[in-house]
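The values are calculated or read from the model by the stated rules, or taken from the named source; none is laboratory data. A quick note: this is a predicted structure, and the numbers were derived from the prediction, not measured. We place every Cβ from the backbone using ideal geometry, glycine too, and count neighbours over all the protein chains shown. Accessible surface is based on the protein model in full, side chains and every heavy atom, while ligands, DNA and RNA are left aside. Shrake-Rupley method; radii C 1.70, N 1.55, O 1.52, S 1.80 Å.
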Amino acid sequence: MISWNLKSKLVAGRIALLYILLAGLWIVFSDQALEYFVTDKGLLTLLQTYKGWLFVVATGLILYIVLRHRIQKLFESENALQEDESNKLILYEFSSRMRSAQNSNDLMAMVLDNTCGLYQADHAVITLLSDDRQKFSIALARGIWKNSQGLTFPSNTGLSGQVLQAGEAYTSKDYGSEPWSVALGSGEENRLGPAIAVPLTSDGELKGVLTVARDRSLNGRPFSQSEVNLLATVGEMVGLALHRISLFEDAQRSLRQIQALRNIDMAITSSLDLRVTYKVIMDEVVHQLQVDACAILQRRPESQMFEYEAWRGFSRPSLKEFSRPLSEGILGRVVNERCSLYISNKDEIESDAIVQEIMKTEGLVDYYAVPLVVKGRVRGILELFHRKRVKRDRDWENFMDTLAGQAAVAIDNADMFRSLEQTNLDLLQAYDATLEGWAYALGLKEDETAEHSKRVTGMTVKVAREMGVKNENLSHVRRGALLHDIGKMGIPDSILLKQGKLTEEEFEVMKRHPVYAFKMLSRIDYLRPALDIPFCHHEKWDGSGYPQGLQGDEIPLAARVFAVVDVWDALGSDRPYRKAWPLEQVIAYIQGQSGKHFDSLVVEQFLKVLSRKEAGIREDKAELVEHN
């Protein structure tokens, strides 16, 4: 690249050569011409003097014109270079600040503030084009447009419309007098004078328009072409930055939505308590959909009503009082049409008295009702409310439907679990009733009453609980106590029903009934955990029992407990071959067998339970006597 010093030398050399050439030609041809036409020597001398002055003036004028032209060119080139350097610095600063923007709002705010300062403009606005290219919306603004943020207008109006049609920057000398200017309602648009609008593009596609305007006044000078060109370049950079941030925000939003759905899934799978799941759903609805209030109504088939089960964002503590019929009002329309319903119209809101009351008392202005549908059935309604109108896009509505689907699944899962739980409970009750029937039938065969089975079962459960047996294990103890003699079904009636004392051989047969019980019950998964009592209740602490000869802690705890209870009830009850023993004699016998037949710890706990039981009986009798 040629330096400025070399350029100046070349220019100076050209001027010097031009001057020498002109001087030589003038001297040669002017002298010859004068000598040819003038013969008077005095006149010739005078004319030669004038000729010299004429040459000086003419060459000076020529040099002035040439130098002035050259210097003007140099100044213009220098100014262009300075302006180019300045523009590069401005664009670099814009680029650096745009890279630091965390979101589209930060980016647009930075662009508007810096553009107004750079162009000494009073007003600036960024409008974004809708996906269908039918309208622009004011995304962010300064000056007279600031209070119109969110305003939408047709895409063929305003400076934005001119940019869309032309596909390039548009300059207006007087915006306020343009026939297509966007009316702001207060007539403030008439204040605007010179204005520039440049496209915000990405990959050749218009995303929006950046507009800068000055007031219509003496100070509102028109924008130069250089300013237009610079702003057009800024517009290209802003368009690319907006597209980049939009992609980033879309990715971030998608991640947040995925995490929200995972949180709801975790709540559904980890808890069958709908209150817990509803709380998670309410949290995600408020945070992800940015609503001011929301509620879930659940359908009650038995009453044909919707009832509020969860809510968030209301000043009142509860919405339980607002039960809603399935077929009436706004919810009736949602159920019939099975699609979301958005209402902001006052007349439509007034058609539902409950919705009207809630919205009026809470200061709400618009309302969404989303059906919670599972397998074609509306299981509930998700209601969303705003305290000021907010324009929502299709992505927002799609995610709203997704969250509603998750809420519907939660309700369906909880209902299925409750139904399954009830079915299991009914089945367990049927099993237990069957067991009680078996015990009763066996008691009839042995000439025992149903009360015997109930007494030993109830007392065994009480003592087992006293000794730390809990929950499901107590159920197994109860079933084992009911079936303690089920093995006797395998004993011949001639032995089982014999009135006198059994022979040694007969007793050996009788001793097989615990083994028969084991063989019968071990085949039934449901009853296998209850085998301890039927199989081991004839074992003795000292090892002298049957059928296995277990001793001490080898004997299951349930069997040790039942052994004490069974002897207590047998000795204290009338039998065909003897009368019932007095309670004191029974207790003395049990204490005497402690450490031999019975586990001494079990005997101790049994006597505590028996003492409380007898004390309760005495109190009941005393109250009865006093009452009479």
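Miscellaneous remarks
- Pair-distance profile P(r), taking every C-alpha pair of the chain, with 10 angstrom steps and integer %: 3, 11, 12, 9, 10, 10, 8, 7, 7, 7, 6, 3, 2, 2, 1, 1, 1, 0, 0, 0
- Positive dipole terminus of the chain, leading residue within 497, 593, 370 (C-beta point charges): 370
- Amide H contacts under 5 Å for residue 192, placed H, 5+ residues apart: 176, 216
- Tensor-based shape of the range 214-258 (alpha-carbon gyration tensor, a/c under 1.5 rounded, otherwise prolate or oblate): oblate
- Sequence of 608, 613 when ordered by accessible area, the most exposed leading, probe 1.4 angstrom: 608, 613
- Centre separation in Å (Cα based) which lies between the range 97-122 and the range 254-268: 35
- Centre-to-centre separation between the Cα atoms of the range 348-425 and those of the range 320-343: 10 Å.
- For the range 356-480, a simple Cβ point-charge model (Lys and Arg +1, Asp and Glu -1, everything else neutral) yields a dipole of about 460 debye relative to the Cα centre.
- Relative contact order computed over the chain (Cα-Cα under 8 Å; 6+ residues apart), in percent: 6
- With protein chains left intact and a 1.4 Å probe, residues in the chain average 56 Å² of accessible area per residue.
- Solvent-accessible surface (1.4 Å probe) assigned to residue 519 amounts to roughly 120 Å².
- The portion of the accessible surface of the range 474-628 made up by carbon and sulfur, rounded to a whole percent, is 53 (1.4 Å probe; DNA, RNA and ligands excluded).
- Exposure check, 1.4 Å probe, all protein chains in place: residue 457 carries approximately 10 Å² of accessible surface.
- Charging the Cβ of each Asp and Glu at -1 and of each Lys and Arg at +1, and nothing else, the dipole of the chain about its Cα centre rounds to 1440 debye.
- Ranked by the mean number of other Cβ atoms within 10 Å of their residues, highest first, the peptides 358-365, 93-100, 418-425 fall in the order 358-365, 93-100, 418-425.
- Given charges at beta-carbon only (K, R positive; D, E negative), |dipole| of the range 128-238 in Debye: 380
- Taking the charge dipole of the chain about its Cα centre, with +1 at Lys and Arg Cβ atoms and -1 at Asp and Glu Cβ atoms, the residue from 572, 310, 157 reaching farthest to the positive side is 157.
- The mean sequence distance of close C-alpha pairs (under 8 Å, at least 6 residues apart), as a share of the length of the range 225-383, puts its relative contact order at 16 percent.
- For the range 465-541 and the range 190-246, distance of Cα centres in Å: 95
- Contact order normalised by residue count of the range 176-267, Cα under 8 Å, 6+ apart, percent: 24
- Per-residue ellipticity at 222 nm computed for the chain from its helices equals -20000 deg cm²/dmol, with DSSP H segments shorter than 4 residues left out and the rest contributing -39,500 (n - 2.57).
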